[in-house]
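This report refers to the structure that appears directly beneath it.
The values are calculated or read from the model by the stated rules, or taken from the named source; none is laboratory data. Since this is a predicted model, take the numbers as computed values, not measurements. Cβ atoms come from the backbone with ideal geometry, glycine included; neighbour counts cover every protein chain shown. Note: accessible area is taken over every heavy atom of the protein model, side chains too, but ligands, DNA and RNA are not part of it. Shrake-Rupley method; radii C 1.70, N 1.55, O 1.52, S 1.80 Å.
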Amino acid sequence: MSSNLLEVRGLSVQFRSAEGPLTAIDDLSFTIGHGQALAVLGESGSGKSVTAKAIMGILPQPAAKVTAGQVLLEGEDLLALTPKRLRAVRGAKIAMVFQDALTSLNPVVPVGAQIAEMYRIHRGDNRRDAQAKAVEMMRAVRIPDARNRAADYPFQFSGGMRQRVMIAMALALDPQLLIADEPTTALDVTVQAQILDLLQELRSERGMALMLITHDLGVASQVADEALVMYAGSAVERAPMAELMQRPSHPYTLGLLSSVPGPEHRAKDLPTIPGLPPLLSNRPTGCSFHPRCSFATDLCRQTRPAVVAGLPGREVACHHWEEVAHRDDATARA
Ligand code: SF4
């Protein structure tokens, strides 16, 4: 058996369009170890959510297609499973929490019954046992007065409590990997902190791995052991979270970190990365980031950088990563 829980190898995803196939994910590889928390970082459109949907087998059909690669969960390729086997794996081994709990929950079914359905469908439990387990799961995600609240409908819960219901549903079957796609984006800062704490507690209680998709470096640094930075459908940097924050070695990561508000920005304009991510239909030649990169050279404009070993224990896709990693300025954050 593989020592990694999840291994994504050379994943490529294309979308159909009037202009022909558009590549949304391009030869993406990464791993998640048992019990590890990996943050997948990047701007909107970088391919984070498409990657999660490809792993879960829920890409929109027939618009999207996996054109290459493997998604190995404990050595079993999820992309090669029969629909029946994939349904059994989803929920039981791997589960997902989405950003918007209100649209993800069924508005006309009490939340307890929605969680109980997981036990009835996957475990064959009778209605009474499934409902008891659902209430227990609601307690596990710290929903107060769980027994009574199980009869309430989604609209009767606050945003934070609804997200807890979603987490309860995702964790009902004790998966080994939880994919959380921007789970706190719709929540205010206090509730966001509570949900992040809850995810951390549940992860350590259950020994579960977490793939946290976020554009928010603050959120990622609170939760993750490792970070994978994506740009234009490809991985550009992979590093232990603290080391990435301390010393980014890709210009895009450096730009993301520099644009996080900090005390040094008081009374100054917050730096931003100039320009916009490329359209799928109009990718730049060479390195996709070159039109926005202050380190770009002719080599960058002509040749796409491969992913290489960078600083110890890290990977980076940049021709000039050493210059970025070893620059001596105030942009690296402690
Ligand atoms: Fe910038 Fe060149 Fe590195 Fe791309 S390869 S990120 S353009 S320095």
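Among the listed residues 256, 199, which satisfies the condition of being of a type outside the set (Phe, Trp, Tyr), part of a helix (DSSP H, G or I) and either at pLDDT below 90 or under 29 Å from residue 78 (Cα atoms) (or both)?
Numbers: 256 fails: either at pLDDT below 90 or under 29 Å from residue 78 (Cα atoms) (or both).
On inspection, the qualifying residue turns out to be 199.
I'd like to check something: does region 67-79 contain any residue that is out of contact with any helix residue (DSSP H, G or I) (no Cβ under 8 Å at 6 or more places or on another chain), part of a loop (DSSP other than H, G, I, E, B) and open to solvent by less than 40 Å² (accessible area, probe 1.4 Å)?
For region 67-79, residues out of contact with any helix residue (DSSP H, G or I) (no Cβ under 8 Å at 6 or more places or on another chain), part of a loop (DSSP other than H, G, I, E, B) and open to solvent by less than 40 Å² (accessible area, probe 1.4 Å): absent.
Cβ-Cβ under 6 Å, sequence separation 6+ or interchain: first residue in region 187-216 and free of Cβ contacts under 8 Å to residues at least 60 places away in the same chain, partner open to solvent by less than 80 Å² (accessible area, probe 1.4 Å) and in a loop (DSSP other than H, G, I, E, B). Which pairs?
192/184; 195/184
Output the qualifying pairs, or none if there are none: Cβ atoms under 9 angstrom, residues six or more apart or on different chains, first residue in region 289-308 and hydroxyl-bearing (Ser, Thr, Tyr) and open to solvent by 60 Å² or more (accessible area, probe 1.4 Å), second residue assigned to a helix (DSSP H, G or I) and within 8 Å of the ligand (Cβ to nearest atom).
If the second residue must be assigned to a helix (DSSP H, G or I) and within 8 Å of the ligand (Cβ to nearest atom), the pairs left are 294/251.
Going through 257, 311, 244 one at a time, which residue ends up being in contact (Cβ under 8 Å) with a residue 12 or more places away in the chain, under 24 Å from the mean Cα position of the chain (by Cα) and open to solvent by 20 Å² or more (accessible area, probe 1.4 Å)? Lay out the reasoning, then the answer.
On the way: 257 fails: open to solvent by 20 Å² or more (accessible area, probe 1.4 Å); 244 fails: open to solvent by 20 Å² or more (accessible area, probe 1.4 Å).
Only one candidate passes the filter, namely 311.
Residue by residue through region 171-183, note down the ones that are within 16 Å of residue 35 (Cα to Cα), open to solvent by 10 Å² or more (accessible area, probe 1.4 Å) and in contact with a Leu (Cβ under 9 Å, 6 or more places away or on another chain).
Within region 171-183, just 176 meets the criteria.
Is it fair to say residue 45 is touching a residue at least 24 places away in the same chain (Cβ under 8 Å), out of contact with any strand residue (DSSP E or B) (no Cβ under 7 Å at 6 or more places or on another chain) and either of a type in the set (A, V, I, L, M) or in a loop (DSSP other than H, G, I, E, B) (or both)? Give the derivation first.
Numbers: touching a residue at least 24 places away in the same chain (Cβ under 8 Å): yes; out of contact with any strand residue (DSSP E or B) (no Cβ under 7 Å at 6 or more places or on another chain): yes; either of a type in the set (A, V, I, L, M) or in a loop (DSSP other than H, G, I, E, B) (or both): yes.
So residue 45 passes the test.
Is there a residue being buried (at least 18 other Cβ atoms within 10 Å of the Cβ), touching a strand residue (DSSP E or B) at 6+ places or on another chain (Cβ under 8 Å), over 16 Å from residue 94 (Cα atoms) and not hydroxyl-bearing (Ser, Thr, Tyr) anywhere in region 185-205?
no
Is it true that residue 249 is under 30 Å from residue 26 (Cα atoms) and part of a helix (DSSP H, G or I)? Please lay out each step first, then the result.
Values: under 30 Å from residue 26 (Cα atoms): yes; part of a helix (DSSP H, G or I): no.
Spelling it out, it is not the case that residue 249 is under 30 Å from residue 26 (Cα atoms) and part of a helix (DSSP H, G or I).
More than 9 Å from the ligand (Cβ to nearest atom), of a type in the set (D, E, K, R) and in a loop (DSSP other than H, G, I, E, B), is that true of residue 304?
Details: more than 9 Å from the ligand (Cβ to nearest atom): no; of a type in the set (D, E, K, R): yes; in a loop (DSSP other than H, G, I, E, B): yes.
So residue 304 does not fit the description; no.
List pairs: first residue in region 225-238 and open to solvent by 20 Å² or more (accessible area, probe 1.4 Å) and modelled with pLDDT of 95 or more, second residue assigned to a strand (DSSP E or B) and basic (Lys, Arg) anywhere in the structure, Cβ distance under 9 angstrom, at least six positions apart or on different chains.
Qualifying pairs under 9 Å: 226/238.
Name the one entry in 39, 18, 88 that is open to solvent by 50 Å² or more (accessible area, probe 1.4 Å) and either among the charged types (D, E, K, R) or farther than 30 Å from residue 155 by Cβ (or both). Steps first, please.
On the way: 39 fails: open to solvent by 50 Å² or more (accessible area, probe 1.4 Å); 88 fails: open to solvent by 50 Å² or more (accessible area, probe 1.4 Å).
Within the list 39, 18, 88, the selection yields 18.
Kindly evaluate residue 89 against the criterion of being out of contact with any His (no Cβ under 9 Å at 6 or more places or on another chain), of a type in the set (Val, Ile, Thr) and within 28 Å of residue 192 (Cα to Cα). Outline the logic, then answer.
Details: out of contact with any His (no Cβ under 9 Å at 6 or more places or on another chain): yes; of a type in the set (Val, Ile, Thr): yes; within 28 Å of residue 192 (Cα to Cα): no.
Considered against the rule, which asks whether it is out of contact with any His (no Cβ under 9 Å at 6 or more places or on another chain), of a type in the set (Val, Ile, Thr) and within 28 Å of residue 192 (Cα to Cα), residue 89 comes out as no.
Every residue in region 1-49 that is in contact with a helix residue (DSSP H, G or I) (Cβ under 6 Å, 6 or more places away or on another chain) and of a type in the set (Gly, Ala, Ser), please.
Of everything in region 1-49, those that are in contact with a helix residue (DSSP H, G or I) (Cβ under 6 Å, 6 or more places away or on another chain) and of a type in the set (Gly, Ala, Ser) turn out to be 24, 37, 39, 42.
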